[in-house]
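Reading through the structure tokens given below for one structure.
Each value in this text was obtained by applying a stated rule to the coordinates, not by laboratory testing. Keep in mind it's a predicted model, so treat the numbers as computed, not measured. When we count neighbours, we look across all protein chains shown, and the Cβ atoms used for this are built from the backbone with ideal geometry, even at glycine.
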Amino acid sequence: MRKFADLNTQVLGISTDSLFTLAAFAEKCGGLGYPLLSDFWPHGHVSLKYGVLREEGFPQRSVFIVDQQGNLNTIKFYELRQQPDNQELLAMVKKL
Amino acid sequence: MRMTHQLKVGDAAPDFTLKDEKKNEVTLSSFKGKQNVLLAFFPLAFTPV
């Protein structure tokens with residue numbers, strides 16, 4: 001995550017889990033180095049705004065890169081079990 | 001899958017304020033003019049999905 005910080009980029013994780021679940025998850029992972037945001041209530045409203053809320057009530061795995069003007073520079077969708085490739089994301093951020 | 005509206009590259013990112021796991025409020029627009037933001041939506045904590 002330091003590499004993103006070096007590129008002046010803040011990483012934010014978002015799920016529809018509760019704060020308590022996210023806190024336990026972050027602890028289990030030994031600290032993630034970036035905040036996990038809870039889109040729990042109103043349930044999934046931010047995921048819905050971004051068009052990624054699935055009918056099961058949780059978001060599609062996806063990445064949105066927002067530039068300093070507040071505009072979307074990159075939108076990428078992933079399969080549920082597919083982890084985003086950090087090297088690929090770093091390369092995208094570098095182009096900003 | 002429900003995709004109500006599809007955002008496009010170049011669109012303004014919809015603003016939001018949410019709490020993080022440490023109960024801090026985080027507002028997307030607070031990064032404007034300062035930092036890029038990488039928003040990573042993920043399905044469910046503690047699961048393989």
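Things to note:
- Distant-in-sequence amide H partners of A:LEU37 (H built 1.01 Å from N, under 5 Å): A:GLY13, A:ILE14, A:SER15
- Under 5 Å, built H, 5+ apart or other chain: amide partners of A:ASN71: B:ALA13
- Close amide-amide hydrogen proximity is noted between A:GLN10 and B:ASN36, B:VAL37, B:LEU38, each under 5 Å apart and 5 or more residues distant or on a separate chain (H modeled in the peptide plane; Pro and chain starts excluded).
- Note: the protein assembly as shown, Cα convex hull, 101 Å³ per residue.
- Near-label residues of segment A:13-50 by backbone N, under 14 Å of a point 7 Å along Cα→Cβ of B:THR17: A:42
- Sorted ascending by nearby beta carbons within 10 Å, beginning with the fewest, A:TYR78, A:TYR50 become A:TYR78, A:TYR50.
- Working from label points 7 Å from Cα in the Cα-to-Cβ sense, the B:LYS8 to A:TRP41 distance is 3.8 nm.
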